[in-house]
1. Considering only protein heavy atoms and a 1.4 Å probe, what is the carbon-and-sulfur percentage of the accessible area of the chain?
2. Based on the inverse mean of 1/r over its pairs of different Cα atoms, what is the Kirkwood hydrodynamic radius of region 1-83, in Å?
3. In debye to the nearest 20, how big a dipole does the chain give about its Cα centre with +1 on each Lys and Arg Cβ and -1 on each Asp and Glu Cβ?
4. Average projected area of the Cα convex hull of the chain, in nm²?
5. Near Lys35, which lysines are there with a Cα under 23 Å away, not counting those fewer than 8 places off in the same chain?
6. Could you pull out the longest piece of the chain with no exposed loop GluC sites (Glu not before Pro) in it, calling a site exposed if DSSP puts it outside H, G, I, E, B and it has at most 16 other Cβ atoms within 10 Å?
7. Would you mind telling me which residue in Ile15, Ile146, Ile85 has the biggest mean-square fluctuation in a Gaussian network model of the chain, where springs connect alpha carbons within a distance under 10 angstrom?
8. May I ask what percent, to the nearest 5, of DSSP beta bridges between residues of the chain are antiparallel?
Amino acid sequence: RIAWWTLVAGLALVIPLARLAWLYLKRRRWQEELKATLIVRCHGREIKVPGILDSGNLLVDPLTGAPVMVVEVEALTGIIPKTIIKLVEGGTRGELDLERLGQTLAAEHDSQRFRIIPFDSLGQENSLLLGFRPDAVQLKYRGRHINVPRAVVGLAPGRLSSEGNWRALISPEVLMPYLD
């Protein structure tokens with residue numbers, strides 16, 4: 001025979017633990033739904049970057065209106081010249097040294113691929129991001145490969161995810177024409 005207080009104590013323990021487990025599984029499923037892989041191609045090279053759909057990423061190239069995928073600049077090593085990576089990594093919190101950028105781009109044979117993208121984010125107003133136009137951008141989402149025409153890759157200094165689970169912020173807008 002079980003005492004009533006044992007049953008109450010058991011329920012008081014089980015209910016919060018079950019709720020925590022449910023929230024954990026729900027969060028994990030939600031994160032899985034947002035995962036995507038960004039495939040960037042340039043000069044015959046291809047780099048796959050783990051990314052996440054970010055509803056807060058509303059960036060567009062001011063010249064063409066193309067969506068901007070924000071990617072850790074270091075993730076594009078092998079496609080982006082080392083001088084550009086070093087320049088972007090040297091800037092922090094949207095502070096791009098325009099004078100050094102001009103000098104660096106003047107020495108690059110692919111300088112026409114780069115552009116400045118103004119942006120605002122939490123705690124950062126009137127900031128600048130260096131954008132890059134690769135040969136092609138493709139998105140792998142839920143097993144489907146989706147070409148993103150005219151896409152621009154925004155080069156972010158540092159890490160976008162503290163855990164390192166993803167290295168690109170992808171605008172969900174690029175998926176809208178393809179979702180059922």
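1. 57
2. For region 1-83, inverting the mean 1/r across all distinct Cα pairs yields 17.4 Å.
3. 920
4. Numbers: hull surface 59.3 nm².
Result: a mean projected hull area of 14.8 nm².
5. Qualifying lysines at Cα under 23 Å: Lys26, Lys48, Lys140.
6. So the longest stretch without any such site is 1-94.
7. Taking springs between Cα atoms under 10 Å, the residue moving most is Ile15.
8. 75
The values are calculated or read from the model by the stated rules, or taken from the named source; none is laboratory data. Please read these numbers as outputs of a predicted model, since none were measured by experiment. Please note: Cβ atoms are built from the backbone with ideal geometry, for glycine as well, and neighbour counts cover all protein chains shown. Quick note on the areas: whole protein, heavy atoms, side chains included, nothing else; ligands and nucleic acids left out. Shrake-Rupley method; radii C 1.70, N 1.55, O 1.52, S 1.80 Å.
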